[in-house]
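Novice: First, the structure itself, so that you have it in front of you.
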Amino acid sequence: MSSTNTDALNRDEVYDILSNGRRRFVIYLLRERGEPIPLNDLSDRVAAWENDLPVEELTDQQVKRVYVSLYQTHIPKLEESGIVEYDADSGLVSLTSNVSSLDAYMPEEERREIPWQAIYLGLAIVGLVVYGVATMASGTIAQPTLNLIGLLVFVSFAAAVTAQYLYERSRG
């Protein structure tokens, strides 16, 4: 590995690394696999992704173009930045622990957002129905019970707002 490798990459270095789709896809593939991948296999997968074809339908030229690009440009750049290691003897490319320095800049495709609007809408509908039914039956339900139902609806909204605040704050 190059002596320019550092544990912490600055923002410009990260943007430079992530500015190329092939490099982003290589990082994605290595993360997905969770183990070293031969450069030949990486070339096949990147070429298939770029050409929107199954690996079996790629031409030799399509794969060779990607292989040369990865071998001469992208893998050395990722290795110099400390993101991957390339073993020339085995042909294996693997991620290093420095890949975590890219996390803040890469989208989390699997992230699922909490549907806060749906939660609030659900609380509003349930609260309205319960309070409406209780109000219509006010002849059989005492006023303190109606007050308690109203208080429970209010507390439910307060709990949801607090949960959303804490969730958003924990995400940074």
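Novice: Quick check, is Y15 exposed (fewer than 13 other Cβ atoms within 10 Å of the Cβ), closer than 21 Å to S94 by Cα and within 18 Å of the chain's Cα centre (by Cα)?
Specialist: So Y15 fits the description; yes.
Novice: Take S156 and decide whether it is at pLDDT below 85 and surrounded by 11 or more Cβ atoms within 10 Å (Cβ to Cβ).
Specialist: Details: at pLDDT below 85: no; surrounded by 11 or more Cβ atoms within 10 Å (Cβ to Cβ): yes.
It is false that S156 is at pLDDT below 85 and surrounded by 11 or more Cβ atoms within 10 Å (Cβ to Cβ).
Novice: For the condition assigned to a helix (DSSP H, G or I), at pLDDT 90 or above and out of contact with any helix residue (DSSP H, G or I) (no Cβ under 9 Å at 6 or more places or on another chain), what is the one hit in L78, L121, L166, L151?
Specialist: L121
The values are calculated or read from the model by the stated rules, or taken from the named source; none is laboratory data. Just so it is clear, the structure is predicted and the values come from calculations on it, not from any experiment. Please note: Cβ atoms are built from the backbone with ideal geometry, for glycine as well, and neighbour counts cover all protein chains shown.
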